[in-house]
Structure formats: C-alpha cells, structure tokens
Amino acid sequence: MNRGYIYFLTNRNNRSLYVGVTNDIVRRTIEHKAKINSGFTAKYCCDRLVYFERYERITEAISREKQLKKWRREWKKALVEKENPKWED
C-alpha cells in the first residue's frame, strides 16, 4: 500500500509554517533538516516537524495537503496546538 503523510514544518521562532506531503515522513524530514533542496523551507529555515497526519493512500494525503494550503494560518496553528501545544520538534 502506498501510504502518505501531510506535515507541517516551522522555523525556530514559529514564524513560518510550511505544509507538505510525502510518502516517507522520516526521509523527508531529514532532507528538510539537511536543506538538501532549495526552496521555501531552506530559505526560511523550516526544519522543525511540528505536526503530521498519516493516510493509507498517497492520493488522500495529496487531497488533504491541497485543503490545508487554503486554510488560514490561525486554523493551522490551532491544529498543531491541539496535538502539540509546545510546538516541539
């Protein structure tokens, strides 16, 4: 089965919030921390995993990512704080 994950990354001061999707959350988090790819997360130093959701199918994760990217920051923040109130990596 091709599982999928959506995830939120933030930087040290929680100012930037990135929403992503992957089929391997561990590998992808390591890539972000190592700044392997240039882009938003490297530019804004988003390397702290503060939230994720697991889906049985990658297509479900992709749909959820698209939905979350339309959300207001306050809604995303509330989602993180429900599961991870201290925003720990």
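The values are calculated or read from the model by the stated rules, or taken from the named source; none is laboratory data. Being a predicted model, the structure only gives us computed values, none of them experimental. Don't worry about glycine lacking a Cβ; one is built from the backbone with ideal geometry, like all the others, and counts go over all protein chains shown. Calculation scope for accessible area: heavy atoms of the full protein, side chains included, ligands and nucleic acids excluded. Shrake-Rupley method; radii C 1.70, N 1.55, O 1.52, S 1.80 Å.
Based on C-alpha pairs under 8 angstrom that are at least 6 apart in sequence, the chain has a relative contact order of 36 percent. Would you work out which of L79, S38, Y51 lies farthest towards the positive end of the dipole of region 28-89, given +1 charges on the beta-carbon of Lys and Arg and -1 on that of Asp and Glu, about the Cα centre? So the residue we want is S38. Where only protein heavy atoms count, and the probe is 1.4 Å, what is the accessible area per residue for the chain in Å²? Accessible area per residue: 66 Å². When the trypsin sites (Lys or Arg not before Pro) in region 19-79 are filtered for DSSP coil states and for at most 10 other beta-carbon atoms within 10 Å of their beta-carbon, the remaining sites are K70, R72. The GluC sites (Glu not before Pro) of region 45-89 that DSSP puts in a loop, and whose beta carbon has at most 15 other beta carbons within 10 Å, are E56, E88.
The charge dipole of the chain, taken about its Cα centre with unit charges on the Cβ atoms of Lys, Arg (+1), Asp and Glu (-1) only, comes to about 340 debye. For the chain, DSSP calls about 100 percent of its internal beta bridges antiparallel. The listed residues L17, L68, once ranked by accessible area (1.4 Å probe) with the largest placed first, stand as L17, L68. At a probe radius of 1.4 Å, what is the per-residue accessible area of D89, in Å² to the nearest 10? The accessible area comes out at roughly 100 Å². Atom-type composition of the exposed protein surface of the chain places 49 percent of the accessible area on carbon and sulfur (1.4 angstrom probe).
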